[in-house]
Structures are given as C-alpha cells and as structure tokens.
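Report on the structure given below.
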Amino acid sequence: MKNTTIFDNTEIAFSLKSDSELERAYFLFKMISNEPLVRIGTAVTNFALKAHLPVKGLIRATVFDHFCGGVSEEDCIPVIDKMYTKGVSSVLDYSVEGKEEEAQFDEALEKILHIIEFADEKDAIPFGVFKPTGFGRFLIWQKKTEGTPLTSEEEQEWDRIVERFDKVCKKAYDCDVALLIDGEESWMQDAADDLVTEMMRKYNKEKAIVYNTLQLYRHDRFEFLRKLHAQAKVEGFKIGVKIVRGAYMEKEIERAQEKGYPSPICKDKNATDENFNTTLKYILENVEDIAVFIGTHNEYSSALAIDLMKQLGIAKDDFRVWFGQLYGMSDHISFNVADLGYNIAKYLPFGPVRDVMPYLIRRAEENTSVAGQTSRELNLLSTEKKRRKL
Ligand SMILES: Cc1cc2nc3c(=O)[nH]c(=O)nc-3n(C[C@H](O)[C@H](O)[C@H](O)COP(=O)(O)OP(=O)(O)OC[C@H]3O[C@@H](n4cnc5c(N)ncnc54)[C@H](O)[C@@H]3O)c2cc1C
C-alpha cells in the first residue's frame, strides 16, 4: 500500500473553510450520499428550471456555491486569490454544456480567449481549459469520428470548429499559457484526438502548450499514448496530457450494449486503476517528452505520483507535472499536496446556474455512485469539526 496518510491532515485540508462553511459542506455531502434523494432532486430541479420556477436561489445556496466559483469569471477572483494563499492554483472552467448553436460556440470561444489573457496576467491560473463540444455540435464530432460524410453545410461547421481550435491554441501559445482540452464520449473522441494532435504538432514544438485528455477507464488509451509518443518523437513535438479515469462510464457501457459493440471500458474498477497507474508511471518515466496534469481524487494514484517523482528525481515544482482536483471535492488531497510543495490546480467551474446544471448533476451522481468518495469527504469533514471543537 502507498502512504496515503499524507492526505489525512484536515487542519491543512480545510484551512480556508470557516466553521459555517464546514457545516454547509457536511450537510451537502450528507444529502448527496442519499441516492434516491439525488435522483429525485435532479428530476425536480430540471423540471423546475424548464418551467422557470424560482429555484436558482436554492441551487446557488446548495450545490452551486459548493462546486462552482460563481456565474462569471470575475465572481471567481476572491476564490482564486484565497486558494492561492495556500499554494493551490485554479483552472477557470467555463462549464456551459450541451449547446448547439454557432453563436453559443463563438461565445464560448470568446470566453476561453479571455480566460487565457486573464491567466497570462495571473500566476494563480496556470492553465486554460475547454471542451471540444463547447466549440461545435456533438453530431459533427460524431460523424467525423464515424467517418460519415458531412453535408456541405456541415463541412463549413467543421471548418469553423477547426478555426476555433486554432485560435485558442495560438492564443495559448502566444501568451505561454498551457491549455487543457477535456475528454468526452468515445463515439466523438477520435475526431477530437486527431484535431488536438494536429494542434500539438503545431504549438508544442518547444514545450507542451496543448494538452489532450486520456480517459483511462478506456482500455485502449495506454496504447494510444504509446503510439502518440512514438509519433511525437519522430515528428519532433512534445506531448501534453491530462490523465483522468473518465466521467461517462454508465453512458459508455449502455451505448455499447444497445448498439452491440464491445465496451470500450475496462472490465472492472481494478483494471481501470491499473491502467491509470501504469500510464502515470510511463508518463513520469518519459517526462522529457510528456507533460502531465494528473486529474484525480484517488489517494492511491496521487500518492503513487509523489513516490514516482521522488524515485525518478523529478523536482516537486517541475513545470511538467501538475496535480488536479475539482473545486468542492478532495480538498484533503489538494491542500496537503500544495503544502508539500507540489504543483496543484483545482478546476473552478463557473457559468449561469441553468447552464452548469449538467456539470452539477454529474458531480452529484458521481459522489453518489463512487463507492467511498462521499463517506471519505464526510469522515474528513467530521474529523475537522471535532478537531475544532477540541
Ligand atoms: C481535474 C479533473 C479534470 C477532469 N477532467 C475530465 C475530463 O476531461 N473528462 C472526463 O471524462 N472526466 C474528467 N474528470 C472526471 C474523472 O474522469 C473522474 O470521473 C473522477 O475524477 C473520478 O475518478 P477518480 O480518479 O478521481 O477516482 P476514483 O474514485 O478512484 O475512480 C472512479 C472512477 O473509476 C472508474 N470506474 C468506476 N467503477 C468502474 C468499473 N466498474 N469499471 C471500470 N471503471 C470504473 C470511473 O471512471 C469512475 O469515475 C476530471 C476530474 C478531475 C479531478
């Protein structure tokens, strides 16, 4: 077993939380741990938002303020500054999802360009981030991935997607701000991978500016990385990757069953963990070629990364290795890792309440379904509550 006790210091983990914030977090995770409540709550909230019932205040006071920095990037500044006093950086994540219109994609583009400029000025923001489907319709990505011919209108849509990608990657390169590109459903991902690789080829000549995402619940991703590595060596570019386990497992398995193709997901949780840890090791052994953002709430994998860095003589603050968690989750990893002197950044989502709902629902469901995650948060919060009382 790895030494995960390095994450047990709750005084460090919750140093920024007031007593009432601690209580609120405890109450929230208690609610989230109740599966039927999350299911019903999600349905009711979606209905209420569609019916324009006044529930935004309630959402804000509960899940929104816990998992998001605010409605706008300006709202997030106090949170960013506060976390940075403890060595924890932020990745401003414009978490508006499921859009289908060109004007909305252009709006997302402008947001990301602005965030990159913002990051250029603020040390506390080391990365920009966006989702491929934030820049173009899911169906276009899917058709490209399947090799289905596009209509001439769709061809134009695709050209605009490529243009948007190139604009943000160029901006990131000019500002010297690294850029994370999120991973999504496997049936649109090949087209995103090809485009991100093209961007790496163009903008990662000296160092990794553009980062793709590897979802290691997919059993084919380690092989994908090894091939990309070989290609990068031949063509002379650096690789940037965010490694995660993956957020769309149920959807992936259901679709594979429905359509009758083999599931792209590892056979069980152990296999995913092994895939994640093997890939992590491979990357750190090849850190001269591959920069990494380790996006996980898993204590074992985080401790493994620390051990491997020590063994391989990688400095704690090497610019090519970052740890990352989501805002509102696993502060015990983030703040203890920062206290030890490693690079760590939390994804800080923001956006209008209605538009970040898909993100919030994923967080609620993930905390309900991931065995141990919520009880771990509750245990840590209650340990800290007791410590403060003493
Ligand atoms: C900073 C950051 C960025 C992220 N960006 C992305 C992104 O771009 N795209 C994305 O998809 N997700 C992203 N995620 C979410 C991530 O993929 C996981 O859903 C989440 O972090 C939980 O995994 P874990 O490693 O933290 O922890 P763990 O609790 O150890 O692992 C849970 C994960 O293991 C996998 N798993 C669970 N049960 C099984 C099973 N029976 N068989 C196989 N695998 C199983 C699933 O992926 C599940 O989410 C991000 C997470 C973080 C922290």
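Highest mean first, what order results for 167-173, 263-269 on Cβ atoms within 10 Å? Don't skip to the answer; put the middle values down first.
Working: 167-173: 20.3, 263-269: 15.9.
Final packing ranking: 167-173, 263-269.
5 Å is the cut-off here: which amide hydrogens, built 1.01 Å from N in the peptide plane, fall below it relative to residue 178, excluding neighbours closer than 5 in sequence?
The answer is 128.
How big is the C-alpha Rg of the chain next to the rule-of-thumb value 2.2 N^0.38 Å, as a ratio?
For the chain, the normalised Cα radius of gyration is 0.96.
Would you kindly find the accessible area of residue 83, with a 1.4 Å probe and non-protein molecules such as ligands, DNA and RNA excluded, rounding to the nearest 10 Å²?
Surface open to solvent at residue 83 totals about 10 Å².
Ranked by accessible surface with a 1.4 Å probe, highest first, in what order do 141, 187 come?
187, 141
Please work out how much accessible surface residue 249 shows to a 1.4 Å probe, ignoring ligands, DNA and RNA, in Å² rounded to 10.
For residue 249, the solvent-accessible surface is approximately 80 Å².
Using the Karplus equation 6.51 cos²θ - 1.76 cosθ + 1.60 (θ = phi - 60°), what ³J(HN,Hα) coupling, rounded to whole Hz, does each residue of the range 280-293 give in order, writing x for Gly and Pro?
Per-residue couplings from phi come out as 4, 5, 4, 5, 5, 5, 10, 5, 5, 9, 10, 9, 9, 10 Hz.
With every protein chain left in place, what is the accessible area of residue 220 in Å² (1.4 Å probe, nearest 10)?
Here the accessible area works out near 60 Å².
Please find the FRET efficiency linking residue 201 to residue 85, where r is the Cβ-Cβ separation and R0 is fixed at 45 Å, and quote it to the nearest 0.05.
Working: r = 39 Å, r/R0 = 0.86.
With a Förster radius of 45 Å, E is 0.70.
Whole-Hz Karplus ³J(HN,Hα) for the range 120-130, in order, using 6.51 cos²θ - 1.76 cosθ + 1.60 and θ = phi - 60°, x for Gly and Pro?
3J(HN,Hα) across the range 120-130, in whole Hz: 4, 8, 10, 4, 5, 10, x, 9, x, 8, 7.
Relative contact order for the range 69-354 using alpha-carbon pairs under 8 Å, separation at least 6, rounded to a whole percent? It would help to have the intermediate numbers written out before the result.
Details: 485 pairs, mean separation 60.5, N = 286.
Value for the range 69-354: 21 percent.
Please give the length that would be gained between residue 233 and residue 120 if that part of the chain were fully extended, namely 0.36 nm times their separation in residues minus their C-alpha to C-alpha distance (nm, one decimal). Intermediate results must be reported in sequence, preceding the final value.
Details: separation 113, 0.36 × 113 = 40.68 nm, distance 2.90 nm.
Extra length from residue 233 to residue 120 when fully extended: 37.8 nm.
Compare the Cα positions of 5, 322, 212 along the charge dipole of the chain (+1 at Cβ of Lys, Arg; -1 at Cβ of Asp, Glu; about the Cα centre) and return the one farthest towards the positive end.
So the residue we want is 5.
Quickly work out the residue 43-to-residue 274 label distance, labels modelled 7 Å from Cα along the C-beta direction, and quote it in nm with one decimal.
3.9
Per residue, what volume in Å³ does the convex hull of the Cα atoms of the range 39-111 enclose?
Values: hull volume 9.4 nm³, N = 73.
In the range 39-111, the Cα convex hull volume per residue is 129 Å³.
With a 1.4 Å probe and all protein chains in place, put 162, 196 in order of accessible area, largest first.
Working: 162 40, 196 0 Å².
Reading off the accessible areas and sorting them downward yields 162, 196.
Per 5 Å bin from zero, what fraction in whole % of the C-alpha pairs of the range 127-187 is there, up to the bin with the longest pair?
The distribution over the range 127-187 is 4, 17, 26, 22, 16, 10, 5, 1, given as percents.
Considering only DSSP beta bridges whose two residues both sit in the range 69-354, what percent are antiparallel, to the nearest 5? Don't jump to the answer; show the numbers that get you there.
Numbers: 1 of 31 bridges.
Antiparallel bridges make up about 5 percent of those DSSP assigns within the range 69-354.
So what J values fall out for the range 208-220 if you push phi through Karplus, 6.51 cos²θ - 1.76 cosθ + 1.60 with θ = phi - 60°, rounded to Hz, Gly and Pro as x?
Karplus values, whole Hz, x for Gly and Pro: 6, 9, 9, 10, 8, 10, 9, 9, 7, 6, 8, 6, 8.
Report the per residue volume, in Å³, of the convex hull enclosing the C-alpha atoms of the range 320-390. Mind showing how you got there, number by number?
Values: hull volume 8.9 nm³, N = 71.
Residue-normalised Cα hull volume stands at 125 Å³.
Given H placed 1.01 Å from N in the peptide plane, which residues other than close sequence neighbours of residue 91 have an amide H under 5 Å from its amide H?
346, 347, 348
Please report Rg over Rh for the range 64-204, where both radii come from the alpha carbon positions and Rh follows the Kirkwood definition.
Working: Rg = 15.8 Å, Rh = 15.9 Å.
So for the range 64-204, dividing Rg by the Kirkwood Rh gives 1.00.
Could you tell me the center-to-center distance, by alpha carbons, between the range 186-225 and the range 344-389 in angstrom?
28
Which value results when the Cα radius of gyration for the range 213-357 is divided by 2.2 N^0.38 Å? Mind showing how you got there, number by number?
Details: Rg = 16.4 Å, N = 145, 2.2 N^0.38 = 14.6 Å.
Expressed relative to 2.2 N^0.38 Å, the Cα Rg reads 1.12.
For the chain, what does the helix formula give at 222 nm: sum of -39500 (n - 2.57) over DSSP H segments with n ≥ 4, over the residue count, nearest 500 deg cm²/dmol?
Working: 16 runs with 217 residues, N = 390.
Helix-only estimate at 222 nm: -18000 deg cm²/dmol.
Keeping all protein chains in place and using 1.4 angstrom, which order do 306, 6 fall into by accessible surface area, from largest down?
Details: 306 5, 6 50 Å².
The ordering from most to least exposed comes out as 6, 306.
Which length gain, in nm to one decimal place, applies between residue 50 and residue 224 when the Cα-Cα distance is subtracted from 0.36 nm times their residue separation?
Gain on extension, residue 50 to residue 224, equals 58.6 nm.
Using DSSP to define loop residues, name the GluC sites (Glu not before Pro) in the range 56-156 whose beta-carbon has at most 10 other beta-carbon atoms within 10 Å.
101
The values are calculated or read from the model by the stated rules, or taken from the named source; none is laboratory data. Only a predicted model underlies this, so the values are computations on that prediction, with no experimental measurement involved. We place every Cβ from the backbone using ideal geometry, glycine too, and count neighbours over all the protein chains shown. For accessibility, only protein heavy atoms count, side chains too; no ligands or nucleic acids. Shrake-Rupley method; radii C 1.70, N 1.55, O 1.52, S 1.80 Å.
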